[in-house]
Structure formats: C-alpha cells, structure tokens
1. Relative to the Cα centre, what is the charge dipole magnitude of segment 2-89, using +1 at the beta carbon of each Lys and Arg, -1 at the beta carbon of each Asp and Glu, and rounding to the nearest 20 debye?
2. For segment 2-89, take every pair of Cα atoms, bin their distances at 5 Å starting from 0, and report each bin as a whole percent.
3. Highest mean first, what order results for 1-14, 57-70, 77-90 on Cβ atoms within 10 Å?
4. Which of the pairs Lys22/Lys98; Lys8/Lys98; Lys75/Lys98; Lys8/Lys84 have their Cα atoms more than 29 Å apart in this structure?
Amino acid sequence: MKVEIVEKSENPLFQRVEIKFKVDHAGKPTPKRLDVRAQVAAQLGVSQELVVIDKLAGAYGKQEASGIARAYSSKERLAALEPKYLLVRGLPKEEKPKEESKVEKPKKPEEKPKEEKAEEKKQEKPKEEVKQEKKAQEEKVKEVDKGG
C-alpha cells in the first residue's frame, strides 16, 4: 500500500491541515481506515490520534482509492470540530464504545383482522334494507319527474 498526498492546505482558523490523498493498493482490497491513517500521519509527522479520515473511496475497476483527511494541532480542537461518528469510525474495534440498547418504539394499537372487518360491514345493512331504500329513492325520482 502506497499513500500519495495530492493536495495539502493549511487552515489556520480551525488549526488544522486538510489533505487530499490517493492510495495505491495493487492486488489487495481497499485498505482499512486505520492503516491509511497511520500512513498519512507518518508522512505529515504527527500523531495518529490527531488525524481523521473523512472519506476513503475506491475507484471502480482500479486498484486505487482516494480520500480526504484532516490533521489537527491538538486533541481538544479535534474533539471540538469533528463529528462524533467520525471519531468513533477511526478507532480500532477493541476501543469502540459498545452501542447502547436501542430505545423501543411504542407499538401500534392492534388492528382487527381483515376477516372481522368484512363481517362488520356486512352486518351493518342487510341486502333487503338496501334494496328497499333504492326502490324508495327511485319512486321519489319518478314522482318528481311526473310533477315537473
């Protein structure tokens, strides 16, 4: 694995160095973030703890990956500016905090099975009543037509 820094820019406002890099990993899978972080830190001459890999993406069909990293001047600046998920993503598995138990979502009230719903609809009005209502409406329409 060979890491090449493509672009390096100082950001004095955030007290960090922003780096764009390429990783050549011929014949091997895309390297792990920890390995790339170690290489980038070695090239910059800073501690691994001060480097965060923001993006690491492999190119389709090539044995090459590109990414973005940031190296901070102190741990305090790193903790204040970087999102927590990026800090956790950069840790080895042994050091990652265990996920807290997920909050259970409230259950939806139980619905009646479809069969019961269909039976309730049938029980609402028997067919005979519906037929009688239709006849009554038709008679009213006929009366209105005769009178008009």
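1. Numbers: 16 positive and 11 negative charges, 48 e Å.
The dipole magnitude comes to about 240 debye.
2. 3, 14, 27, 25, 17, 9, 4, 1, 0
3. 57-70, 77-90, 1-14
4. Lys22/Lys98; Lys8/Lys98
Just so you know, all these numbers are worked out from the coordinates, no wet-lab data involved. A quick note: this is a predicted structure, and the numbers were derived from the prediction, not measured. All Cβ positions, even for glycine, are placed from backbone atoms using ideal geometry, and neighbour counts span all protein chains on display.
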